[in-house]
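Student: What follows is a structure written as structure tokens; I'll ask about it next.
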Amino acid sequence: MHSPILSLANILAAFLMLLPFLAMIFFPDAFDRWVRRFSQAARILCPATLSLAYILVAVSAGNFQWSWLALYLLLPAAVSSLLWQARRADPEQRGNWRDFCVLALLGLAVDLRWFESAWPPHLAVFNKFLLLNTGLYGFLTIRQLNGADLNLRLRRQDFRIGLREFAFYAPVAIALGLWLGFLHIHTSLPPLWRIAAAPFFTFFFIAIPEEVFFRGWLQNLLERRLGRTSSLLVTALLFGLSHFNKRTAHFNWRYVLLAALAGIAYGRAWRAQRRVAASAITHTVVDTLWSLALR
């Protein structure tokens with residue numbers, strides 16, 4: 001039976017989303033050099049091309065709306081414009097109000113699912129990646145934010161640091177989670193295909209987007225204003241609060257608490273060498289263990 005999710009239009013849209021995403025996280029320097037060949041106006045308007053994914057998916061599903069297209073044309077360009085202004089106003093990169101406005105907009109749009117109704121059911125992940133690409137492009141090529149090291153080509157040190165922080169976090173989190181009734185030990189193992197696929201899915205679709213946002217951008221900028229310890233704690237708290245509406249219709253304080261503690265581990269992993277790759281490894285191991293054995 002033909003699946004509308006696997007239509008040619010959706011596959012092409014996925015390619016259009018993944019190509020810049022993978023280029024920016026695996027070859028950020030080369031991507032930046034390529035974009036610098038464009039004029040200033042072209043660089044600011046370039047991310048509006050991400051709206052092609054919306055056109056393909058929405059037209060194929062029969063729910064295309066001009067208002068949503070206008071949003072996906074204007075929002076990426078507006079983000080680039082704000083970050084261009086932030087770069088000029090704050091060359092020392094101590095964090096400008098425009099940086100935090102962009103972060104608030106992107107973070108709330110994803111967490112509160114503001115724009116997901118633009119997409120067909122089960123395809124809202126396109127919205128998340130469109131906004132992620134918008135932020136990656138803006139902070140990498142327009143703002144040229146330093147100190148984040150978004151290069152995801154993994155190194156031995158990334159694994160050493162990431163697994164070390166997992167080892168510190170896991171005993172505390174598992175004991176606390178079981179005591180609160182948030183975690184439950186599974187009595188049987190999931191299928192082998194799921195065990196094999198879970199780390200890859202978690203790394204690319206959960207850990208990288210969240211670590212880029214919370215550690216590569218937010219903690220990175222806050223550290224310049226608040227210092228290492230305060231920025232770590234504030235970012236961890238905000239990371240915890242971003243999970244308030246997960247798995248429940250009400251404020252899930254247990255999830256917020258465990259996620260905030262995880263945020264400390266992820267933040268420590270990131271700041272060890274200021275590499276998102278390290279915190280993404282900690283994040284991946286935590287979420288994979290949770291989904292396979294403790295959820």
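Since every read-out is calculated from the coordinates, none of them should be taken as a lab result. The model shown is predicted, which means the values in this text are computed figures rather than measured ones. Cβ sites come from the backbone with ideal geometry, for glycine too, and all protein chains shown count toward neighbours.
Student: What ranking do L131, L154 get, fewest neighbouring Cβ atoms within 10 angstrom at the top?
Tutor: L154, L131
Student: Mind giving me the nanometre distance, one decimal, between the label points for L176 and D149, set 7 Å out from Cα along Cα→Cβ?
Tutor: According to this spin-label approximation, the distance is 2.7 nm.
Student: Within a Cβ distance under 15 Å of S80, other residues only, what is the Lys/Arg minus Asp/Glu net charge? Intermediate results must be reported in sequence, preceding the final value.
Tutor: Details: positive: R36, R43, R87, R88, R98, R143; negative: D32, D99.
So the surrounding residues net to +4.
Student: Sequence gap at least 6, Cα distance under 8 Å: using those rules, report the relative contact order of the chain to the nearest whole percent.
Tutor: Relative contact order for the chain comes out at 21 percent.
Student: Only four residue types carry charge here, +1 at the Cβ of Lys and Arg and -1 at the Cβ of Asp and Glu. Report the dipole size of the stretch 4-97 about the Cα centre in Debye, rounded to the nearest 20.
Tutor: 220 debye
Student: Still on this structure, I have one more. At most 14 other Cβ atoms within 10 Å and a DSSP loop assignment: could you name the chymotrypsin sites (Phe, Trp or Tyr not before Pro) in the stretch 14-75 that fit?
Tutor: Values: sites: F15, F21, F26, F31, W34, F38, Y54, F64, W66, W68, Y72; in loops: F38, F64.
Here the chymotrypsin sites (Phe, Trp or Tyr not before Pro) that fit, given the DSSP loop and packing criteria, are F38.
Student: Could you tell me which GluC sites (Glu not before Pro) in the stretch 146-236 are loop residues by DSSP with no more than 11 other beta carbons within 10 angstrom of their beta carbon? Working shown, then result.
Tutor: On the way: sites: E165, E210, E211, E223; in loops: none.
Answer by residue number: there is no such site.
Student: Size of the dipole of the chain about the Cα centre, Lys and Arg at +1 and Asp and Glu at -1 on the beta carbon, nothing else charged, in debye to 20?
Tutor: Roughly 600 debye, rounded to the nearest 20.
Student: What FRET efficiency comes out for L45 versus T187 if R0 is 45 angstrom and r is the Cβ-Cβ distance? Round to the nearest 0.05.
Tutor: That gives a FRET efficiency of 0.25.
Student: Follow-up question, since we're still on this one. Can you put T202, T187, T49, T235 in order of Cβ neighbours within 10 angstrom, beginning with the fewest?
Tutor: T187, T49, T202, T235
Student: Which ordering of K246, K128 is given by a fewest-first count of other beta-carbon atoms within 10 Å?
Tutor: Arranged by neighbour count, lowest to highest, K246, K128 become K246, K128.
Student: Here's a follow-up. For the charge dipole of the chain, defined by +1 on Lys and Arg C-beta atoms and -1 on Asp and Glu C-beta atoms about the Cα centroid, which residue among L108, L16, F159 has the Cα displaced farthest towards the positive pole?
Tutor: F159
Student: Around V125, under 12 Å between beta carbons, what's the net of Lys plus Arg minus Asp minus Glu among the other residues?
Tutor: Around V125, the charge tally is +1.
Student: Can you give me the Cα centroid spacing of the stretch 225-276 and the stretch 48-122 in angstrom?
Tutor: One Cα centre to the other: 23 Å.
Student: Considering only H250, H184, H283, give the residue with the highest GNM mean-square fluctuation for the chain, with springs between Cα atoms whenever their separation is below 10 Å.
Tutor: Its mean-square fluctuation being the largest, the pick is H250.
Student: Now, a different point. Can you give the helix-only mean residue ellipticity at 222 nm for the chain, where every DSSP H stretch with n ≥ 4 adds -39500 (n - 2.57) and the sum goes over all residues, rounded to the nearest 500 deg cm²/dmol?
Tutor: -21000 deg cm²/dmol
Student: Hey, can you list the DSSP H helices of the chain whose Cα span along the axis is 24 Å or longer and whose average Kyte-Doolittle score is at least 0.5?
Tutor: Membrane-span-like by this criterion, though nothing is claimed about a membrane: 8-26, 66-89, 156-180.
Student: Short version: ³J(HN,Hα) in whole Hz for each residue of the stretch 207-220, in order, from phi by Karplus 6.51 cos²θ - 1.76 cosθ + 1.60 (θ = phi - 60°), x for Gly and Pro, what are they?
Tutor: Along the stretch 207-220, the couplings run 5, 4, x, 6, 6, 4, 5, 7, 9, x, 9, 5, 4, 4 Hz.
Student: Restrict the search to the stretch 153-212; then list the trypsin sites (Lys or Arg not before Pro) that DSSP places in a loop and that have at most 12 other Cβ atoms within 10 Å of their Cβ. Let's see the in-between values first.
Tutor: Numbers: sites: R153, R155, R156, R160, R164, R194; in loops: R153, R155.
Here the sparse-neighbourhood loop sites are R153.
Student: Here's another thing I want to ask about it. Compute the Cα gyration tensor for the chain, then decide on rounded, prolate or oblate, letting a ≥ b ≥ c be the square roots of its eigenvalues: rounded whenever a/c is under 1.5, prolate when a/b is larger than b/c in the other cases, and oblate in all that remain.
Tutor: Because a/c hits 1.5 or more and a/b fails to exceed b/c, the chain counts as oblate.
Student: Using a Gaussian network model of the chain whose springs link C-alpha atoms within less than 10 Å, name the residue from A173, A13, A42 with the highest mean-square fluctuation.
Tutor: A42
Student: Moving on. Taking N as the number of residues in the stretch 4-142, what is its Cα Rg relative to 2.2 N^0.38 Å?
Tutor: With N residues counted in the stretch 4-142, Rg over 2.2 N^0.38 Å equals 1.06.
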